[in-house]
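What follows is a single structure, and I will ask about it in a moment.
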Amino acid sequence: MAEHNTQLKVSAIRNGTVLDHIPAQNVFQVVDILDLNHAENPVTIGSNLESKSLGRKGIIKIADRFFADAELGRIALVAPDATVNVIRDYEVVEKKKINLPEVVVGLARCSNPMCVTNHQAVTTRFKTIVESKKVKLLCHYCEKTTEEFIPLRH
Ligand code: CTP
Ligand code: ZN
């Protein structure tokens with residue numbers, strides 16, 4: 001019986017950014033954090049692809065767009081081990097790691113229902129802390145720790 005390659009590959013891009021090794025369940029959160037649903041560039045999203053190291057992974061390719069390190073840092077909350085590939089003329093010219101920012105502003109929701117940020121128009125602000133490889137958010141206002149990232153929008 002003939003061997004078929006049944007895997008659909010996401011095509012290569014000429015110039016731009018490839019975000020690889022995104023945990024499968026967080027691909028659309030990355031889309032959201034980088035506001036890619038409003039991007040005018042071609043964006044291809046691969047969700048639930050097979051990965052040797054992660055089991056399942058997500059990949060996002062954004063043509064003709066190069067991100068500042070601070071922008072990329074925001075995705076550390078949902079994809080800390082993602083690889084950022086900078087593509088120029090079809091070649092990977094740089095592989096970057098995501099750097100967790102010290103402070104996260106206006107991105108996450110505080111899990112404390114009593115927190116002022118959940119009652120008044122106050123921009124959320126957290127210090128990031130890493131505990132047993134997990135990122136936690138220490139609220140600037142109520143000083144409570146938020147363990148899971150909750151997006152502000154939605
Ligand atoms: N890629 C792309 N377009 C290109 C070149 C690369 O979309 N012109 C994508 C590849 O599909 C891959 C990622 O960018 O998902 C990184 O490419 P490469 O470093 O060649 O792949 P790997 O060696 O598998 O990467 P890693 O070691 O980070 O797993
Ligand atoms: Zn709070």
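Yes or no: the range 113-122 includes at least one residue that is within 16 Å of ligand 1 (Cβ to nearest atom) and either outside the structural domain of Q25 (by TED's automatic domain parsing) or under 30 Å from R14 (Cβ atoms) (or both).
Looking for residues that are within 16 Å of ligand 1 (Cβ to nearest atom) and either outside the structural domain of Q25 (by TED's automatic domain parsing) or under 30 Å from R14 (Cβ atoms) (or both), one finds none in the range 113-122, hence no.
Going through the range 128-154 one residue at a time, which ones are outside any strand (DSSP E or B) and either more than 13 Å from ligand 2 (Cβ to nearest atom) or under 20 Å from D32 (Cα atoms) (or both)?
Within the range 128-154, S132, K133, E147, E148, F149, I150, L152, R153, H154 meet the criteria.
Can you tell me which residue among V78, V92, V84, V43 is over 22 Å from F149 (Cβ atoms) and not charged (D, E, K, R)?
Step by step, each of V78, V92, V84, V43 is checked, and only V92 is over 22 Å from F149 (Cβ atoms) and not charged (D, E, K, R).
Further, regarding this structure: Given (1) in a loop (DSSP other than H, G, I, E, B); (2) under 25 Å from V31 (Cβ atoms); (3) among the aliphatic types (A, V, I, L, M), where does V93 come up short, assuming only one miss?
(1)
Quick one: R109 ticks every box in (1) more than 10 Å from ligand 2 (Cβ to nearest atom); (2) within 28 Å of I60 (Cα to Cα) bar one, so which box is it?
(1)
Among K95, K61, K52, which is within 14 Å of ligand 1 (Cβ to nearest atom), basic (K, R) and more than 18 Å from the chain's Cα centre (by Cα)?
K52
Within the group T83, T117, which residue is surrounded by 15 or more Cβ atoms within 10 Å (Cβ to Cβ), in contact with a Cys (Cβ under 8 Å, 6 or more places away or on another chain) and hydroxyl-bearing (S, T, Y)?
Values: T83 fails: in contact with a Cys (Cβ under 8 Å, 6 or more places away or on another chain).
Going through T83, T117 in turn, just one is surrounded by 15 or more Cβ atoms within 10 Å (Cβ to Cβ), in contact with a Cys (Cβ under 8 Å, 6 or more places away or on another chain) and hydroxyl-bearing (S, T, Y): T117.
The values are calculated or read from the model by the stated rules, or taken from the named source; none is laboratory data. If you're wondering where the values come from, they're calculated on a predicted model, not measured in any experiment. Cβ coordinates were reconstructed from backbone atoms using ideal geometry, including for glycine residues, and neighbour counts include every protein chain displayed.
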